[in-house]
Amino acid sequence: MDDPYAPARDALAGDGLGGGAADADPAVLAARLDDADPLSGFADRYHVADDVLYMDGNSLGPASDAALASLDRVAEEWRELLISGWTDADPPWFSVGERLGDALAPLVGADPSEVVVGNSITVNIHALVGTFLDELLAGNGPEREGVAAADGTWAPDGNPEADPAVLVNALDFPSDHYAIRAQLRQRGIDPDEKLRVVESRDGRTIDPRDIEAALDAHDDVGVVFMPTALYRSGQLFDVGRITEAAHGAGAYAGFDAAHSAGAVPHAFGAAGVDFAVWCTYKYLNAGPGSIGALFVAERHHGLTPALAGWWGHEKATQFEMNMTYTSADSAGAWQIGTPPLLSAAPLEGSVELLREAGIDRLREKSLALTDLLIALVDERLPDVAVGTPREHRARGGHVALEHPEAERLSKALTDRGVVVDFRPPNVVRVCPAAPYTSFADVLAVVDEIETVLESGIHEEYATGEGGVT
Ligand SMILES: Cc1ncc(COP(=O)(O)O)c(C=O)c1O
């Protein structure tokens, strides 16, 4: 079959569930989709208990045999090789950041030298926003029509005395704002003035025209820092469009790709993105607290990182222990200290699995899974609103279901083995991640939500106990 997932798309496009009398029963439709799914065999390679419907891979992906095997291998190397593992393990630990960066690069459309793993998202935002703020303060900005990069003439509002601003949005993950505010403050820039925030019109999404309007309205923006996908509603942003608008306005374009890396293919290189950060514990399934990742476009290699450390030093001379810092000529320069080997090891296996499945196929399946989910919610759950954009190009890997009792609903579902999460004020996030979720699982989740809401089981649950990201 040309497109094994077409029936899911058709169901959402208005043909109704099943698209015809033969499988008007959603169970028949789900079974048909599962039978035709070229990725169905991958689920067996992940560890999700049989009685659990795991819909929270956008917070923490599950363990896989491959990730556990690469973790076991590194633990064994530690046991056997001790300190010599840095050079004698196969492959050596010393270059783990670069090596795993190479493995991730195709998933984000980058050259291997442009991606490295290290630190965490928040630390990488500090490191990269700090670096590009320093560039702006030195008068250097992105290359654009009629303006050469690094020519020392970048000035907000044409005034070299004025400070650069960073453009973000009101629906960002809070840690991003905390880090950017801190970086502004550390340069004597008032974040209340210079963290410019694009507001949301509907509380769920950001209209790209509002980003462009903010750039038109303020000549001082030096960095546009946006998510590739919003953590709450799952809206997927148009990275190319935002990058073009940023560059047109003389601003660098940086992205937080936490909610798309490993689920949505990116083309950071072709789009001209300046820098990006993401984690590996969500769709990349490398385990709780696993190592962060970052992209820096090749044209910026050689800049001095704002948070310099010896692990970002030129590799060939790192152990000469010079007091003078020579930056690695790659994204590797933004590593800081010794990489946490045990938090990096599972990534090797987990990325290999995703690469075997193919990021484009994973994305196609993910869209089909969320198509089916949205179609079922539309048909069966009249009190639940879908807060995620319906167009494929604006939809990430999860679906935000809005309900006034979202917190209780989320707790009741989790107790019934349907692992979802709640985001205030009214969102239950449901993430049918492509590598290990079947179409039958999606149907079972909707059945469970319907059962809970119709029976009122959720009303027995308390609210307001907080939670984990
Ligand atoms: C979009 C986004 N940005 C940043 C973070 C913070 O990441 P970290 O704790 O790895 O620094 C998260 C965590 O879930 C996130 O979802």
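What follows is calculated from the coordinates using simple rules that are stated; it is not laboratory data. Bear in mind the structure is a predicted one, so any value in this text is a computation, not a measurement. Cβ placement follows ideal geometry from the backbone for every residue including glycine, while neighbour counts extend to all protein chains displayed.
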- Message: I want to check the label-to-label distance for R299 and V28. Put each point 7 Å from Cα in the C-beta direction and report it in nm to one decimal.
- Response: 5.6 nm
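Take C431, C279 and order them by how many other Cβ atoms sit within 10 Å, fewest up front. Present the calculation step by step, with values, prior to reporting the outcome.
Details: C431 29, C279 24.
Sorted ascending by nearby Cβ count, the order is C279, C431.
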- Message: Show me, bin by bin at 10 Å from 0, the whole-percent P(r) of the stretch 75-354 based on Cα pairs.
- Response: 7, 30, 36, 20, 7, 1, 0
- Using a simple spin-label model with points 7 Å from Cα along the Cα→Cβ vector, what separation in nm is obtained for E320 and E244? 4.5 nm
- Can you give the extra length, in nm with one decimal, that the chain gains between L137 and D383 once fully stretched, where that is 0.36 nm per residue apart less the Cα-Cα distance? 83.4 nm
- Query: Leaving out same-chain residues fewer than 8 places away, which aspartates and glutamates sit with a Cα under 14 Å from that of K282?
  - Reply: D56, D256, D421
- Task: Search the structure for amide H atoms under 5 Å from the amide H of D220, placed 1.01 Å from N in the peptide plane, and list their residues when 5 or more places away or on another chain.
- Result: D157
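Please report, largest first and rounded to whole Å, the three semi-axes of the ellipsoid equivalent to the chain, where each semi-axis is the square root of five times an eigenvalue of the C-alpha gyration tensor.
Taking √(5λ) for each Cα gyration eigenvalue gives 38, 28, 19 Å.
Return one quarter of the surface area of the convex hull spanned by the alpha-carbon atoms of the stretch 356-421, equal to its mean projected area, in nm². Before the final figure, lay out the partial values.
Values: hull surface 21.1 nm².
Seen from a random direction, the Cα hull of the stretch 356-421 projects 5.3 nm² on average.
Per-residue counts of other Cβ atoms within 10 Å, averaged by peptide: what ranking do you get for 84-90, 358-364, 117-123, highest first?
Working: 84-90: 14.3, 358-364: 17.1, 117-123: 23.4.
By packing density, highest mean first, the sequence is 117-123, 358-364, 84-90.
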- Item | Rough spin-label spacing in nm, given labels placed 7 Å along Cα→Cβ, for E199 and A170 | 0.5 nm
- Task: Determine, from the Cβ-Cβ distance of T463 and A36 and an R0 of 41 Å, the FRET efficiency 1/(1 + (r/R0)^6), rounded to the nearest 0.05.
- Result: 0.50
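Counting other C-beta atoms within 10 Å, which of W154, W310 has the fewest, and how do the rest follow? Provide the component values of the computation, followed by the final result.
On the way: W154 21, W310 14.
In order of increasing Cβ crowding within 10 Å: W310, W154.
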- Wrap a convex hull around the Cα atoms of the stretch 170-294, take a quarter of its surface area, and give that in square nanometres. 7.8 nm²
- Relative contact order (percent) for the chain, with alpha-carbon contacts under 8 angstrom and 6 or more residues of separation? 21 percent
- Taking Cα atoms of the stretch 232-360, Rg/Rh with Kirkwood Rh, to two decimals? 1.00
- Query: Among F237, F173, F132, which comes first, second and so on when ranked by fewest other beta-carbon atoms within 10 Å?
  - Reply: F173, F237, F132
